[in-house]
Structure formats: C-alpha cells, structure tokens
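Peer 1: Sharing a structure with you now.
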Amino acid sequence: MLQVIKNRLEQGYRTSKYPKEPINLYKRFRGLPRVNTQCDAAVVKRCADACPQDCIDAKSRRIDLGRCVFCGLCETLSEGKFVTFTQNCEMGTASRDDLFSTGDLPALAEHSKKHFKKLFGRSLQLRQISAAGCNACEADTNVLNTPFWDLARFGILFVASPRHADGIHVTGPISKNMLAATITTYEAIPSPKVVIACGACAISGGPFYGSEDIVGDLNSIIPVDLYIPGCPPHPLAILHALINYFK
Amino acid sequence: MDKLLQIGHNEKVNRADIPHLPFDTFRRQLLECAAQGGQVVQFFAYDDQGTIKLLAVMRTDKLYVGGCDAPDSFPSLTAESERFHMFEREIGEQYGIKAEGHPWYKMVRYHANCSGKKDVFGNDYRQDIPGNYPYFTVEGETVHEVAVGPVHAGIIEPGHFRFQCCGERVFHLEIQLGYQHRGVEKLLQSVPMKRLPIIAETIAGDTTIGHGLCQAQAIEALAGIQVDEGAKIVRTIALELERIANHIGDMGALSLDVAFNPPAAYFGRIRGDYLNLSQVLGGNRFGRGLVRVGGVTHVMGEEQKKLLHDKLDELTPEVEHVSKLIFFASSVNGRFDHTGTVTTENAEKIGLVGYAGRASGLPYDARISFPTECYKDLPANSNGITNGDVRSRGRVRFHEVIHATRLIYILLDTIIEATPYTPQEVQLPPDSFVVSINEAWRGEVSHCILTDEKGTILRYKVKDPSFHNWTGLALALRDEEISDFPLCNKSFNLSYCGFDL
Ligand code: SF4
Ligand code: SF4
C-alpha cells in the first residue's frame, strides 16, 4: 500500500490542459505540410517523381494528404523550398476533396454536420474497426485513453460492441478478408451513425495502395463523415478532429 | 548439414553459390540441422522463370542456406520436426506445394496461391475467410466452445480465437488469423523501389525500426553501400527506444489485466514519453522515415542528445518504481506465477524467439548471435528468469528495458555524428541473395531478397517473430483458465499484421 501511495505522489497529475492550452510538438515532428506554390517547376517535378506515395500533383502543386505518409522526403529533396512540415496537427476534414491541399485546410468545426454536434456533442461512443493496417493507427488511438490525453473527459469513449456505439472509427486499408466483418459491424450500429476514416490506409490504402488484397478506400464501401490523415495521425490530430467535428 | 552453405547475415551471396540439392538431400539436410538444435530463419518457395524452387536459411550459432526444385508435393518435415510447421503451411498457401502428412495442415492467411496450382486446402476464395477451415474440436458432454473475433472488444487488431473448454478450463485454443492480410510480400516484389521503405515500416507498425532496418541492411548488403558509424548509432538507439516503449506499454497492460490499475495508467503515459523520444530522433513517434538505405534521415545533434539524456534520467527511476509496484505485489504475482507456461522443451520444438523464447529458457538473442549496427561492441543482457510463465515474460521485459536504457546511455556518450543524409538511387546486383536478421523488440525479424538476372527483385520474403510465436500462445493456454487468456495474450503481445503480411 505504501508503494502505491509513493508512486501516486511521484506520478502526480499529468493530464494535459488541451484544448485550453496548446500542446507543442518537437520541431522535427512532421504535421501539416506547407507547400510553396511558387516553387521552381523542376524541383516540384523531382519531388513528385520521388514521392513514394505518388501523392504530389506537380501541376496543381497539391499534396493528397489522404495518401501522404508524411515521410518527409519531399522536404529533404527540395531543401524546404517546395514543402516544409509544420507541427500543426489540425488536419481532420469533412470532405475527401479538401485533402488535396497546399496546406490550407478549411476549419473543421464549421464543416461538421450540425446534427452530429447536437446528437453526439456531449456523448460519443465509438466502435473501433481495425482492418489490415499496421496497428500504429490503433496504437495512437489507444493512447488517447492514457492519463495525459484522457479522452473520456470529453465524453468520448471507445466501446466494446457495435450495439453500444454511435459510429465506427476505422483504421487500415480494409483487406478483402476484413470486408465482411467491417460491413457487418457497421450494419450492427443503430442509426444515425457516424463513420470516421483514421489514417492514410483507411482513406486511400496508404502504404498498401494498389494491392489486390485490399479495398483501399473506406468511402467506396461506406460513406465517410470524417477523415483524419496521417500515417499514423498523431494522437493530437485524432483528438483535435474528434473535438472539432463533434463538440 | 555439410551440404548447406554457411553464410553471414547481411551478406551478399551469389545465387549460383547456394547449393541446389536434390529434394531428398535438401530435406534430410534441414532435418539433420534441426536435430542438432538448428532453427528455421527462412523457408519459402519462389518462382524462378517458371520453375518453383524452395529455399531455406537455418541457424545454429551460424547461418546456413540451401535450396532445391520444389516437387508438386513432398513428405512433410513437420512430421519429424515441429519447427517447420508454419513454414510448410505458408509454402502450400503461397505456391500450392503440398506438405504431405503435415499434422496440422491449415490455411495461414487465406488467399489464393500465385502459381495457379490447385489449392492445397481445397478453398474457393470467392467464399469469405476462413473458407473450409477445419477447427480442432473436442467432444464430450461438458465440453463447450468459445469463439472470439475477428473484431475484438477493444482497439485491437482482428483475429479469430476458438477455445475448447470444459467449464473454465481450456483444453485447446485455436488461433486463426489472416484478416490483416494485405499482400505485403507481393507488393514488395512488384512496386517501384521508392515505395519499399514505406511498406517495410508498416509491416508491423510497432516494429517500424525492426523491419525498416532489416530492409535497409538487406539492400545495403546487396548494393555494397556502407553506413557510417554515426548513422549506426542513431539506428541502434532507435531500435532500443522501440523496444523500451513496447515493453513498457505491455507491462502496463499486464497490470491492467490483473485489475491493478495504477501501474497501467503510469506505464501508459510513460510509454508515450519514450515514443516522443523517437519523435525527437526522427520526427515520428514510431520511427517512420528515419531509417533509409545508406543511413538515417536525421542526424543526432547535441540538442537531441541532451533531450534524450535528460528524459532518460527522468524516466528511468520512474520505470523502476512502477515495475517494483507491479512485480512485488503479491496479488499480482498470484496471477502471474505459473500462468501460461511454455516449457523449454516445447519452446525449443516450435522455435520460440525473442523475449518469449528467453523467458522459456532459450537464450537466443540476435543482437548477440548475429550483431548488426553497433551491437558487436555493446554488452549483452543476461536473463535468469526462465520459468516460461507470464511472470517470466514480464520480468524479462523489465530487464530488457533496463538493459536497453544502458545501451542508449553508452551510445549517447559516443561522440560520432552521422553525415547528413542524401537520398540515393539504388541498383541491385543481378542473381544475388541476402538474408538480414535483427533482434527487434518481439524477437527475430528477418528479410530475404533474391534478385534475377537483371537485378530486379525476384522474391522478397518477410518474417516477423510473430510467425513463430503465435503457436507459443496457443500452447500457453493449454490447461489454463479461460479467464487468464487476456493475461497470457498480453504477455506475448504478438502482431497480427506482422503475421498476416
Ligand atoms: S511526405 Fe508525403 S508528399 Fe512528401 S514525399 Fe512523403 S509521401 Fe510524398
Ligand atoms: S495509416 Fe499508416 S500508421 Fe495507420 S494503419 Fe495505415 S500504415 Fe499504419
């Protein structure tokens, strides 16, 4: 018992004050990219050719944030002249098209479907479906339940059954072997329900795009309400998206 | 074993030098090696210009390679030595080469084979997973079956578990996976080279550095690219940080599974602090984008060193205190002790690797046996707790965390900086072979690359430690109470996606 108390004192109170106070991430962290649209065309082309995800459109100079894995290669190659990564995690969008971006994303809070805010603003219960990603999206979603983030203080919970849920939170590119289970889980949730695609995989297939063993785009089987880009999205990105879309 | 070729890990080998044996000789050689305690690192089929061939890499304290033409079917090696069991199932699934007399011949990931041969499991893939999967059943008046998954009750990867129980007692647990199969190997051998590191890093997200290193080292060995000392230091630190973060998280989860919540909360947060150190190193909590062919993308300057050093100074005592809280509470030990035991004999038979193997008394640690990066010059960990139960697997992890911390301190004190990274185009040599091995946090990760006469990748084979260890979990549950399943499961914490590829 003494040990328990001693440890409790050592650990103290660790929950962040977010969103009242911002959380600052280390400068090396790669969050929302900022694109210099005036950049030399040769540099842009070089980045577009080298991008492992083929997600830079050299013509419009937009990056598909739904497919980008934030590997940082375009920043390195262009020496920051074409792309620089900010530490901004505010990347959730309500529309897939908004993710083709030069770094300006619409404010998520204003694009939320208003009835969702009314329905789920005070209590949101989500069912997680893990569908053939790499488990890092899952890991950084799980982190939201640790004391630092303490997701429950926002009235948001991940629940153990679709029957208890208001919606699904999907990670992974939906392998063919998870297709039936994904749809069954979705159908088991009572309407109205929300669908969240978390991570590059669920949005576009992510690192596995083009594989014949995956569906690759959640929206092609179930209409998605909220997109959270990243590979994986930082816990802060997930939290920001959930709060702004639903609160 | 005299007919197999002894090779080094991360060493380019000309394919022509790999002994190409008659199948019977090949089979006998592998079994002979296994009988002398040899374990399987890789055993797979590949298609070489229309001919399907087999290739195996075995390890004793050295590595051996050999190959043969694949017969349409062959007498199973598993019937004589269990450690081949998963590999033979995989060969059957991927190439339609049947292992006759295999005692447990079932699909691995549920996908059609790539050779167009008749499916060895008699599956028609228009049907949903698991097809006609023959679950092992126990019959009797009081026997009942519990089925769990694929979708689980938390934020967990999918998999199907089937328990044959009598009351609370589990006779047998069958673990049927495949839901996470996304075609990783097929992608790796067909996409442009630029995509390779991204895919390697996402084979198992919690083993980003482990798999990333295996790939980078394999390609570096093939292409003859040297990595400077500074980059090796960063790579080694990154691998150890990955180990610490995962072990810490799992120790917390073990505590949670015996309803002792405070340590779970503390370790949950502390794990995040270690992930954030990976972010200090390379800009991502999982180490994404850090390891690349030729070195690392971010050098470690004085600033990063200091941040790492200071944070370790702060966290290490906390880790020790919280661990003490877990491992010295009698109520915790009451649940951990003698739960989910895998005997040394069984561990050896099925070839357990990593901390699970070490907890069962198999000392193998690839950092010592096949050192890469800086490991040759670093002290080994010693492990004295080898009862093979949940407590052993927990304690081993604690010791590994302390050891890994020590390694990082040693490396932080080394004053060599990596040269800044420049992305490079790589040309692979023709007709070559390489096998890379690293001790990632879960155990032995291995990648194998074969190139054709043009120097393009002919076969890319990946093995995650989970490929060996899932069977260990099934064995651990024999004669246990079903209520101890979460605990046993967490003590292994295996990867679904790393297994399913
Ligand atoms: S950071 Fe994104 S856009 Fe840039 S190279 Fe990597 S995947 Fe492509
Ligand atoms: S988006 Fe990236 S991190 Fe998330 S599951 Fe897919 S590969 Fe893993």
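The values are calculated or read from the model by the stated rules, or taken from the named source; none is laboratory data. As the structure is a computational prediction, the values presented were derived from the model and not from experiment. No Cβ is skipped: glycine too gets one built from the backbone with ideal geometry, and neighbour counts run over all protein chains shown. Please note that ligands, DNA and RNA were not included when accessible areas were found on the heavy atoms of the full protein model with its side chains. Shrake-Rupley method; radii C 1.70, N 1.55, O 1.52, S 1.80 Å.
Peer 1: Could you check, for region B:245-262, whether at least one of its residues is closer than 21 Å to residue B:420 by Cα, modelled with pLDDT of 95 or more and more than 10 Å from every other protein chain (Cβ to nearest Cβ)?
Peer 2: Of the residues in region B:245-262, the ones closer than 21 Å to residue B:420 by Cα are none.
No, region B:245-262 contains no residue that is closer than 21 Å to residue B:420 by Cα, modelled with pLDDT of 95 or more and more than 10 Å from every other protein chain (Cβ to nearest Cβ).
Peer 1: Let me ask you something else. Quick check on my filter: what residues within region B:318-363 are assigned to a loop (DSSP other than H, G, I, E, B) and open to solvent by 60 Å² or more (accessible area, probe 1.4 Å)? Walk me through how you get there before you give the answer.
Peer 2: Step one: of region B:318-363, the residues assigned to a loop (DSSP other than H, G, I, E, B) are B:328-329, B:337-343, B:351-353, B:360-363.
Those that are assigned to a loop (DSSP other than H, G, I, E, B) and open to solvent by 60 Å² or more (accessible area, probe 1.4 Å): B:328, B:338, B:343, B:363.
Peer 1: Whether any residue in region A:130-142 is at positive phi and either within 16 Å of ligand 1 (Cβ to nearest atom) or within 14 Å of chain B (Cβ to nearest Cβ) (or both) is what I want to check.
Peer 2: Here is the first cut: in region A:130-142, the residues at positive phi are A:132, A:135.
After this cut, where a residue has to be either within 16 Å of ligand 1 (Cβ to nearest atom) or within 14 Å of chain B (Cβ to nearest Cβ) (or both) as well, the list is A:132, A:135.
For region A:130-142, residues at positive phi and either within 16 Å of ligand 1 (Cβ to nearest atom) or within 14 Å of chain B (Cβ to nearest Cβ) (or both): present.
Peer 1: Also, I was wondering about something else. Might you let me know whether region A:181-202 holds any residue that is over 18 Å from residue A:126 (Cβ atoms) and touching a Cys at 6+ places or on another chain (Cβ under 6 Å)?
Peer 2: So in region A:181-202, the residues over 18 Å from residue A:126 (Cβ atoms) come out as A:200.
Add one more test, that the residue is touching a Cys at 6+ places or on another chain (Cβ under 6 Å), and what stays is A:200.
Yes, the conditions are met somewhere in region A:181-202.
Peer 1: Go through (1) in contact with a Leu (Cβ under 6 Å, 6 or more places away or on another chain); (2) among the β-branched types (Val, Ile, Thr); (3) more than 16 Å from ligand 1 (Cβ to nearest atom) one by one and return the number of the condition residue B:339 breaks.
Peer 2: (1)
Peer 1: So is residue A:87 open to solvent by 40 Å² or more (accessible area, probe 1.4 Å), in contact with a Lys or Arg (Cβ under 8 Å, 6 or more places away or on another chain) and within 14 Å of chain B (Cβ to nearest Cβ) or not? I'd like the intermediate steps shown before the answer.
Peer 2: Details: open to solvent by 40 Å² or more (accessible area, probe 1.4 Å): yes; in contact with a Lys or Arg (Cβ under 8 Å, 6 or more places away or on another chain): yes; within 14 Å of chain B (Cβ to nearest Cβ): yes.
Here the answer is yes, as residue A:87 does meet what is asked.
Peer 1: Looking at region A:1-40 only, could you name the residues that are of a type outside the set (Asp, Glu), in a helix (DSSP H, G or I) and surrounded by 11 or more Cβ atoms within 10 Å (Cβ to Cβ)?
Peer 2: At the first step, the residues of region A:1-40 found to be of a type outside the set (Asp, Glu) are A:1-9, A:11-20, A:22-39.
Add one more test, that the residue is in a helix (DSSP H, G or I), and what stays is A:2-9, A:11.
Across region A:1-40, the qualifying residues are A:3, A:4, A:6, A:7, A:8, A:11.
Peer 1: Something else about it: Would it be correct to say that residue A:244 is open to solvent by 10 Å² or more (accessible area, probe 1.4 Å) and either farther than 21 Å from residue A:32 by Cα or within 14 Å of another protein chain (Cβ to nearest Cβ) (or both)?
Peer 2: When the stated conditions are applied, residue A:244 does not pass them.
Peer 1: Further, regarding this structure: Just wondering, is there one or more residues in region B:176-186 that are within 14 Å of another protein chain (Cβ to nearest Cβ), in a helix (DSSP H, G or I) and surrounded by 24 or more Cβ atoms within 10 Å (Cβ to Cβ)?
Peer 2: yes
Peer 1: From the list B:239, B:307, pick out the single residue that is in a helix (DSSP H, G or I) and facing another protein chain (nearest Cβ under 9 Å).
Peer 2: Step by step, each of B:239, B:307 is checked, and only B:307 is in a helix (DSSP H, G or I) and facing another protein chain (nearest Cβ under 9 Å).
Peer 1: Restricting region A:190-215 to residues that are within 16 Å of ligand 1 (Cβ to nearest atom) and assigned to a loop (DSSP other than H, G, I, E, B), which is farthest from the chain's Cα centre (by Cα)? Full working, then the answer.
Peer 2: At the first step, the residues of region A:190-215 found to be within 16 Å of ligand 1 (Cβ to nearest atom) are A:199-201, A:203-210.
Checking which are assigned to a loop (DSSP other than H, G, I, E, B) leaves us with A:199, A:205, A:209-210.
Numbers: A:199: 5, A:205: 13, A:209: 17, A:210: 21 Å.
Of everything passing the filter in region A:190-215, A:210 is farthest from the chain's Cα centre (by Cα).
Peer 1: Further, regarding this structure: Could you figure out which of (1) open to solvent by 60 Å² or more (accessible area, probe 1.4 Å); (2) away from every other protein chain (no Cβ under 14 Å) isn't true of residue B:425?
Peer 2: It is condition (2) that residue B:425 fails.
Peer 1: Looking only at region A:202-224, decide whether some residue is away from ligand 2 (no atom under 16 Å from the Cβ) and touching a strand residue (DSSP E or B) at 6+ places or on another chain (Cβ under 7 Å). Steps first, please.
Peer 2: If we filter region A:202-224 for residues that are away from ligand 2 (no atom under 16 Å from the Cβ), which is where we start, we get A:212, A:220-223.
Going one step further and asking which of them are touching a strand residue (DSSP E or B) at 6+ places or on another chain (Cβ under 7 Å), we end up with A:222-223.
So far as region A:202-224 goes, yes, one or more of its residues are away from ligand 2 (no atom under 16 Å from the Cβ) and touching a strand residue (DSSP E or B) at 6+ places or on another chain (Cβ under 7 Å).
Peer 1: If you take the residues of region A:55-82 that are away from ligand 2 (no atom under 16 Å from the Cβ) and β-branched (Val, Ile, Thr), which of them is most open to solvent (accessible area, probe 1.4 Å)? Walk me through how you get there before you give the answer.
Peer 2: First, pick out the residues of region A:55-82 that are away from ligand 2 (no atom under 16 Å from the Cβ): A:56-62, A:74-82.
Filter once more, keeping what is β-branched (Val, Ile, Thr): A:56, A:76.
Numbers: A:56: 19, A:76: 58 Å².
Out of the qualifying residues, it is A:76.
Peer 1: Kindly indicate whether any position in region B:123-133 is farther than 20 Å from residue B:89 by Cβ, more than 10 Å from chain A (Cβ to nearest Cβ) and basic (Lys, Arg).
Peer 2: yes
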